[in-house]
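The values are calculated or read from the model by the stated rules, or taken from the named source; none is laboratory data. From a predicted model like this one, the values you see are computed outputs, not experimental measurements. Positions of Cβ are generated from backbone atoms using ideal geometry, with glycine treated the same way; all protein chains shown enter the neighbour counts.
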Amino acid sequence: MTSTTAFNTSQSEQIFSTAKQLMPGGVNSPVRAFNSVGGQPIVFDKVQGSHAWDIDGNEYIDYVGTWGPAICGHAHPEVIQTLHETLEKGTSFGTPSVQENILAEMVINAVPSIEMVRFVNSGTEACMSALRMMRAYTGRDKIVKFQGNYHGHADMLLVQAGSGVATLGLPDSPGVPKSATSSTLAAPYNDLEAVKKLFEEHGNDIAGIMVEPVVGNSGFIAPDAGFLEGLREITQEYGALLAFDEVMTGFRIAYGGAQEKFGVTPDVTTLGKIIGGGLPVGAFGARKDIMEMVAPAGPMYQSGTLSGNPLAMTAGIKTLEILQRPGVYEQLDRMTKKLTNGLKEIADKHGHATHMGQISAMFGVFFTDRSVHNFEDAKTSDLDKFARYHRGMLERGIYLAPAQFEAAFMSLAHTDEDINKTLNAADEVMASL
Ligand SMILES: *Cc1c(COP(=O)(O)O)cnc(C)c1O
């Protein structure tokens with residue numbers, strides 16, 4: 001679509017107005033409601049490759065990719081085919097399965113810090129379980145996290161948690177008891193001095209640090225040189241654990257995640273999104289001596305009725321197989337660079353101050369004249385301008401995350417033609433902002 005006059009979303013509007021009677025805010029995850037960009041959310045009917053079709057028949061080039069999982073493109077034919085084969089055997093076993101072993105081995109072989117893994121059903125579960133394990137292993141209660149980093153919606157991690165929470169203006173959610181977050185310490189991202197101070201004061205009580213090694217949940221923010229290394233040193237000095245939350249970055253910014261990309265190996269890693277190939281999965285993993293804290297090998301309780309679900313494992317296995325093929329990450333990097341370099345040129349041409357960031361298949365655009373290193377910098381973005389940009393792109397068939405504080409995602413299915421269309425749309429929209 002290049003013309004905006006044909007943009008009709010009447011069926012989306014109708015379905016969403018019904019949804020609002022049935023589910024809080026009409027959605028099952030807040031950021032989907034478009035509250036921070038205004039207007040109505042688009043109701044998708046079908047997704048395939050790099051494209052999505054809404055219920056009114058509008059077609060979009062999609063840079064949300066169901067919020068990260070769709071790195072091979074939506075509904076990849078090989079993933080769908082293998083899902084059909086597993087489906088014939090049933091939808092859930094509730095016993096050990098071969099599929100679990102295969103995906104576990106793939107994850108262990110890929111991610112440097114993981115010698116053993118436990119599968120769960122979401123990133124939220126992965127992070128809350130990893131945190132329990134860190135506390136169980138160290139016998140300490142305090143945890144350090146970073147402002148604007150999101151680790152799911154478990155009580156003790158819902159402190160200065162970025163994206164959805166930031167967009168909604170809920171700095172701390174009602175219903176989270178003070179006691180649940182009283183052991184959670186928050187520092188500004190990329191600020192090693194602040195982390196050092198926290199450790200000087202509380203070092204012997206800190207179980208560990210949980211960090212997004214590359215931030216996606218305050219928009220895209222890269223770690224400054226030495227930041228991740230610094231966290232590694234501080235945690236080692238105090239006998240605390242370092243956890244990388246790679247729910248978003250795992251298998252996205254490199255096959256082995258941020259820890260492979262930056263050569264910094266944490267003690268604990270959480271995963272999600274891509275490893276489920278579009279089905280609900282999360283995972284946490286670590287060295288054997290840490291993982292053997294987890295029941296029934298050890299005393300730390302954690303469980304899940306549908307954990308290790310054969311369909312989810314199958315989608316994950318095929319997705320990782322595709323990601324192992326030669327040239328995959330080079331292609332993702334090349335396409336993402338082509339898009340972000342193009343966007344930067346267009347923004348400059350039309351006189352819009354932007355901060356553009358990109359690592360491999362993850363990227364982001366802030367409408368600010370600041371260089372963005374933390375959530376405070378991110379918040380200087382012109383949110384009204386972002387909302388108009390988002391709307392203009394949407395009307396031209398480009399589907400971007402409906403919030404400034406979200407990262408964007410490239411997939412293997414995106415073509416040069418997709419990128420060119422996106423840049424043409426951006427050129428029109430930026431001229432009108
Ligand atoms: C998405 C995300 C989560 C939460 O995962 P869910 O599957 O939505 O519960 C946790 N951490 C990070 C870094 C994420 O991007």
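For the stretch 232-244, filtering for residues that are surrounded by fewer than 23 Cβ atoms within 10 Å (Cβ to Cβ), on the phi < 0 side of the Ramachandran plot and part of a loop (DSSP other than H, G, I, E, B) leaves 1. Being within 16 Å of the ligand (Cβ to nearest atom) and assigned to a loop (DSSP other than H, G, I, E, B) is a description that applies to Gly278. Exactly one residue out of Ala361, Ala315 is in contact with a Lys or Arg (Cβ under 7 Å, 6 or more places away or on another chain), buried (at least 24 other Cβ atoms within 10 Å of the Cβ) and more than 30 Å from Arg135 (Cβ to Cβ), and it is Ala361.
Does Val31 fit the bill of being of a type in the set (A, V, I, L, M), touching a strand residue (DSSP E or B) at 6+ places or on another chain (Cβ under 6 Å) and either closer than 30 Å to Met335 by Cβ or exposed (fewer than 15 other Cβ atoms within 10 Å of the Cβ) (or both)? Spelling it out, it is not the case that Val31 is of a type in the set (A, V, I, L, M), touching a strand residue (DSSP E or B) at 6+ places or on another chain (Cβ under 6 Å) and either closer than 30 Å to Met335 by Cβ or exposed (fewer than 15 other Cβ atoms within 10 Å of the Cβ) (or both).
Of everything in the stretch 45-81 that's out of contact with any Gly (no Cβ under 7 Å at 6 or more places or on another chain) and among the acidic types (Asp, Glu), which residue is surrounded by the most Cβ atoms within 10 Å (Cβ to Cβ)? Only one residue fits best here, namely Asp62.
Filter the stretch 204-226 down to the residues that are more than 16 Å from the ligand (Cβ to nearest atom) and either touching a helix residue (DSSP H, G or I) at 6+ places or on another chain (Cβ under 8 Å) or of a type in the set (A, V, I, L, M, F, W, C) (or both) and list them by number.
Answer for the stretch 204-226, where residues must be more than 16 Å from the ligand (Cβ to nearest atom) and either touching a helix residue (DSSP H, G or I) at 6+ places or on another chain (Cβ under 8 Å) or of a type in the set (A, V, I, L, M, F, W, C) (or both): Ile206, Ala207, Ala225, Gly226.
Has the stretch 289-303 got at least one residue that is surrounded by 22 or more Cβ atoms within 10 Å (Cβ to Cβ) and not aliphatic (A, V, I, L, M)? No; the residues of the stretch 289-303 include none that is surrounded by 22 or more Cβ atoms within 10 Å (Cβ to Cβ) and not aliphatic (A, V, I, L, M).
Check whether at least one residue in the stretch 267-286 is among the charged types (D, E, K, R) and at positive phi, and report yes or no.
Yes, the stretch 267-286 contains at least one residue that is among the charged types (D, E, K, R) and at positive phi.
Residue selection: Met134 satisfies the criterion of being of a type in the set (A, V, I, L, M, F, W, C), within 16 Å of the ligand (Cβ to nearest atom) and either more than 30 Å from Thr9 (Cα to Cα) or surrounded by 14 or more Cβ atoms within 10 Å (Cβ to Cβ) (or both).
Looking across the stretch 293-322, the residues that are out of contact with any Phe, Trp or Tyr (no Cβ under 6 Å at 6 or more places or on another chain) and hydrophobic (A, V, I, L, M, F, W, C) come down to Val294, Ala297, Met300, Leu306, Leu311, Ala312, Met313, Ala315, Ile317, Leu320, Ile322. Given the criteria part of a helix (DSSP H, G or I) and free of Cβ contacts under 8 Å to residues at least 24 places away in the same chain, does Lys344 qualify? Answer is yes for this residue.
Is it the case that the stretch 348-356 has a residue that's in contact (Cβ under 8 Å) with a residue 12 or more places away in the chain and closer than 30 Å to Ile322 by Cα?
Taking the stretch 348-356 as the starting set, the residues that turn out to be in contact (Cβ under 8 Å) with a residue 12 or more places away in the chain are 349-350, 352-356.
Now restrict to residues that are closer than 30 Å to Ile322 by Cα: 356.
Checking the stretch 348-356: at least one residue is in contact (Cβ under 8 Å) with a residue 12 or more places away in the chain and closer than 30 Å to Ile322 by Cα.
Please pick out the residue among Gly152, Gly175 that is within 20 Å of the chain's Cα centre (by Cα), of a type outside the set (A, V, I, L, M) and either modelled with pLDDT under 95 or closer than 22 Å to Ala378 by Cβ (or both). Step by step, each of Gly152, Gly175 is checked, and only Gly152 is within 20 Å of the chain's Cα centre (by Cα), of a type outside the set (A, V, I, L, M) and either modelled with pLDDT under 95 or closer than 22 Å to Ala378 by Cβ (or both).
Of the residues Val264, Val247, the single one that is near the ligand (Cβ under 9 Å from one of its atoms), touching a residue at least 24 places away in the same chain (Cβ under 8 Å) and in a loop (DSSP other than H, G, I, E, B) is Val247.
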